[in-house]
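Written below as structure tokens is the structure these notes are about.
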Protein chains: 2
Amino acid sequence: MSAGALHDRVATSLVRAEQRYTAQRRQLVELLAGAGRPLSIPEILGTQPGLAQSSVYRNLDTLERAGAVRRVQGADDFARYELDEELTGHHHHLVCTVCRRITDVELSARHERALDRALEEAAERSSFRALSHRLDLFGVCADCAAGPAGPGV
Amino acid sequence: MSAGALHDRVATSLVRAEQRYTAQRRQLVELLAGAGRPLSIPEILGTQPGLAQSSVYRNLDTLERAGAVRRVQGADDFARYELDEELTGHHHHLVCTVCRRITDVELSARHERALDRALEEAAERSSFRALSHRLDLFGVCADCAAGPAGPGV
DNA sequence: CTACTTGCAAATGCTTTGCAGGAGA
DNA sequence: TCTCCTGCAAAGCATTTGCAAGTAG
């Protein structure tokens, strides 16, 4: 998706939620779009000096309520944020238990269909109305397997 | 698994970790075994009056390090604990976004195999050494769909 | 006996909130 | 101009930790 189209769609979401698309919110959306993986608040503050921590929390929360951003839980105490799947496409996560980094990964269409069928079966058996799913792989990423660099943020 | 066999296996895990199997730890293990779903600390403290909160946190942590208990993250801020899959069998979770309750669910062997193949493909493509996975369904449980009861703990 | 456990209370650290000034429409 | 947004500082809250007394082995 082009940057223009991305901003248009986020802007629409915000308007629906009666919120403004301010410079800082644009900045956050572009950062998340460029990262291609979920970012933690410390990571965001580290690359964008000058942002107030509370404003980042508040704006990510606003963007989440508007449906443009999603909050994901990794292997540590930090929340991470990524663009909503409607903007990035459906994907899953590789969570490195060494450096705590989360990487996006997509399944082939065939495997994703198989997964959906499995989930339908499970939900139906429990009379559960499923709205979304989360599939994470925990392990060691290529970087950490190659050389011990220690955990980052 | 019988209660005796369960305690034997937990005891072995604790011995390996050079920890003792005290009365409170037995109590926690039996509670988790009887619940059949992950429990939060508030839930545990609610049903077991007299336990010190800090001791519950510490003992669940000890049991987790020993490999007898697993900590899982739901849809709210509370951590939940369940017996390790080695004791309960591999399973996944239905997370109700209304009452926050987590329910265990198993996939059929066929679907579980399909899932494993999909994960292998994804891990290999990213040179990721996968150690475990987490598959959660988010939605509304049967109880909450039937009648609005409001979120519990 | 010696080391691990427990309970209480205080501390920790991510996240949220109150408030006063600034900016979008 | 009116409402929303921002930054700073202070507060919230689940979780962790220090310490002294209790207990397993």
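The values are calculated or read from the model by the stated rules, or taken from the named source; none is laboratory data. For clarity, every value in this text was computed on a predicted model and none was experimentally measured. Positions of Cβ are generated from backbone atoms using ideal geometry, with glycine treated the same way; all protein chains shown enter the neighbour counts.
Table: residues versus (1) over 25 Å from A:Arg80 (Cα atoms); (2) of a type in the set (D, E, K, R).
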site	(1), (2)
B:Leu6	yes, no
B:Leu14	yes, no
B:Val56	yes, no
B:Asp61	no, yes
B:His91	yes, no
B:Cys99	no, no
Is there a residue being crowded, with 18+ Cβ neighbours inside 10 Å and within 16 Å of DNA strand C (Cβ to nearest atom) anywhere in segment B:81-92?
yes
Sole exception among (1) more than 7 Å from DNA strand C (Cβ to nearest atom); (2) without any contact (Cβ under 8 Å) to a residue 24 or more places away in the chain; (3) touching a helix residue (DSSP H, G or I) at 6+ places or on another chain (Cβ under 9 Å); (4) not aromatic (Phe, Trp, Tyr) for B:Arg20, by number:
(1)
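Let's see how each residue does on (1) touching a residue at least 40 places away in the same chain (Cβ under 8 Å); (2) more than 13 Å from DNA strand C (Cβ to nearest atom); (3) farther than 22 Å from A:Ala75 by Cβ:
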site: B:Arg70; (1), (2), (3): no, yes, no
site: B:Val98; (1), (2), (3): yes, yes, yes
site: B:Leu107; (1), (2), (3): no, yes, yes
site: B:Arg113; (1), (2), (3): no, yes, yes
Extreme residue, farthest from DNA strand D (Cβ to nearest atom), among residues of segment B:54-71 that are crowded, with 20+ Cβ neighbours inside 10 Å and more than 14 Å from the chain's Cα centre (by Cα)
B:Ala66
Only strands (runs of 3 or more DSSP E) wholly contained in segment B:55-148 count here; list those with 2 or more residues that are more than 7 Å from every other protein chain (Cβ to nearest Cβ).
B:69-73, B:79-83, B:92-96, B:102-105
Report yes if A:Ser40 is loosely packed, with under 13 Cβ neighbours inside 10 Å and not assigned by TED's automatic domain parsing to the domain that holds A:Ala145, otherwise no.
no
Subset of segment B:32-54 (residues that are within 16 Å of B:Ala79 (Cα to Cα) and part of a helix (DSSP H, G or I)):
B:Leu32, B:Ala35, B:Ile41, B:Pro42, B:Glu43, B:Ile44, B:Leu45, B:Gly46, B:Gln53, B:Ser54
